[in-house]
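Only one structure is covered here, and it is reproduced in the block below.
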2 protein chains.
Amino acid sequence: MRPNKKDELVRKALTVFYRDGFHATGMDKLVAETGVSKTSIYKHFRTKEELIVAVLKLRDESFREWFEKRVDELADTPAGKILASFDALEEWFEEDSYRGCMFINAGAEYNCKDDPIRVEAAHHKQVLLEYFTELARQAGARDPGILGCRILLLKEGAIVTSSLLGTAQPACDAKETARILLDEALKR
Amino acid sequence: MRPNKKDELVRKALTVFYRDGFHATGMDKLVAETGVSKTSIYKHFRTKEELIVAVLKLRDESFREWFEKRVDELADTPAGKILASFDALEEWFEEDSYRGCMFINAGAEYNCKDDPIRVEAAHHKQVLLEYFTELARQAGARDPGILGCRILLLKEGAIVTSSLLGTAQPACDAKETARILLDEALKR
DNA sequence: CTCAAGGTGTACTGATCGGTAAACTTTTGC
DNA sequence: GCAAAAGTTTACCGATCAGTACACCTTGAG
């Protein structure tokens, strides 16, 4: 299997895991949906967990790439980008395939706190926090770390709420809330 | 099995499902941990899903009972109760057994949008939204519905973040954020 | 005491779980 | 062109999955 075949396996596995969940997706289903035989899968990944970690690494990379690119398209100023984040989220929520945040879902299924899957999920959130904190700094927030935390809270809340309630509305609520926090962080 | 035995089964099943997850908890493990034989379990619940729904109904009831009671103990005024919500959450986050929100976790594992498990999860969030909205109304918020939404976003965000990052800190961040939103909703 | 009714534990079902052994086919290096 | 290496297929492993058949035991009524 050529190296790009491995990437394609991970890419296809990502789709299935995201759609159906981790425990609910057996290796046999993965074989059927990716077209890659089980033996080949186990040539590249020693266990299902290892495959899941690879899937999460890809997800981290591609989600952030998409998100940051979309935010850059939607706004020019740092403050504008913070608000535009929620427009980008809204677009995501409205996709038919939207199934919440894959890292939150992974954390829900793998609870042992030093599980590599959970570590990967925590890492993703940490990197997003740094992204928002950097935007907050560029926007001139009084305390960029605190504003970053707050924006992250709104983002996570919007993801969970929109997923469970089945509406993209929380993205708008979060955006208006972010506007208030931004004002507060810039005044004086 | 006497009726209170059934409740005890659901209570014990709740502990196991919350600790280990839904798909990762087989009926055999449930038999071992509850001391109730499989035959007896299936006398009361036709399927595992039906048992899970019963567990979620109990969780909804007991969580809200604990939460609202704790908030009432911590504050007297409606605005104070909104802020005290995050103190109550912080206490929850610090429990050793804390494993995030059971409804978010359930939604992560059961993605089919009309699955009764998912419906139960959505219902729980809806009821909490009404709780916060009512507090916002009593506090004299300009638009109680909007403030309620925002507080809910903060709560969900804090739950997810504290669960993945393994720290109760997001409860404090969310509380300070709620204070800003409250001020904004009361001014003028 | 007897007998019926309902709750219980044991042992099992076929299906699927994650993972592997070994034969077979394709690709690669020389 | 030919052999070694890499990838694939098929068939299988024991364990566990959700769910059930049935014998057993307890209980309450007469």
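Listing for the model above:
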item: Position B:D87, label points 7 Å along Cα→Cβ, spacing to each other copy in nm (shortest first, one decimal); result: 4.1
item: Most mobile listed residue (B:D115, B:D96, B:D76) in chain B, GNM with C-alpha springs under 10 Å; result: B:D96
item: Principal axes of the range B:56-186: Cα extent on each, largest first, Å; result: 40, 30, 23
item: C-alpha center-to-center spacing [the range A:8-49, the range A:135-150] in angstrom; result: 40 Å
item: P(r) tail fraction, the protein assembly as shown - alpha-carbon pairs more than 41 Å apart, %; result: 14 percent
item: Label distances, nm, A:R19 versus same residue in remaining copies, Cβ-directed 7 Å point; result: 3.5
item: Inter-copy spacing of A:C112 label points, which lie 7 Å from Cα along Cα→Cβ, given in nm from shortest upward; result: 3.0
item: Within 10 Å of each Cβ in A:161-170, the average number of Cβ atoms from other chains; result: 5
item: Anchor B:K48: lysines whose Cα lies under 26 Å away (excluding residues fewer than 8 positions away in-chain); result: A:K29, A:K48, B:K5, B:K6, B:K12, B:K29, B:K38, B:K57, B:K113, B:K125
item: Charge sum, other residues only, whose C-beta stays under 12 Å from A:Y110's C-beta, Lys/Arg counted +1 and Asp/Glu -1; result: -3
item: Using θ = phi - 60° and Karplus 6.51 cos²θ - 1.76 cosθ + 1.60, couplings along the range B:49-60 (whole Hz; Gly, Pro as x); result: 4, 5, 5, 4, 4, 4, 4, 5, 5, 5, 4, 4
item: Length-normalised contact order of the range A:55-186 in % [C-alpha pairs under 8 Å, at least 6 apart]; result: 29 percent
item: Top of A:L56, A:L128, A:L164 by mean-square fluctuation, Gaussian network on chain A, Cα under 10 Å; result: A:L164
item: Residue-by-residue Karplus 3J(HN,Hα) for the range B:173-182, coefficients 6.51, -1.76, 1.60, Hz, glycine and proline x; result: 4, 5, 5, 5, 5, 4, 4, 5, 5, 5
item: In order through the range A:132-144: 3J(HN,Hα) via Karplus (6.51 cos²θ - 1.76 cosθ + 1.60), integer Hz, x for Gly, Pro; result: 5, 5, 5, 4, 5, 4, 4, 6, x, 5, 4, 10, x
item: Interchain or long-range residues, amide H under 5 Å from B:K113's placed H; result: none
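A short reminder: the numbers here are calculations on the coordinates, not readings from a lab. Owing to the predicted nature of the structure, the values given are computational and were not obtained by experimental measurement. No Cβ is skipped: glycine too gets one built from the backbone with ideal geometry, and neighbour counts run over all protein chains shown.
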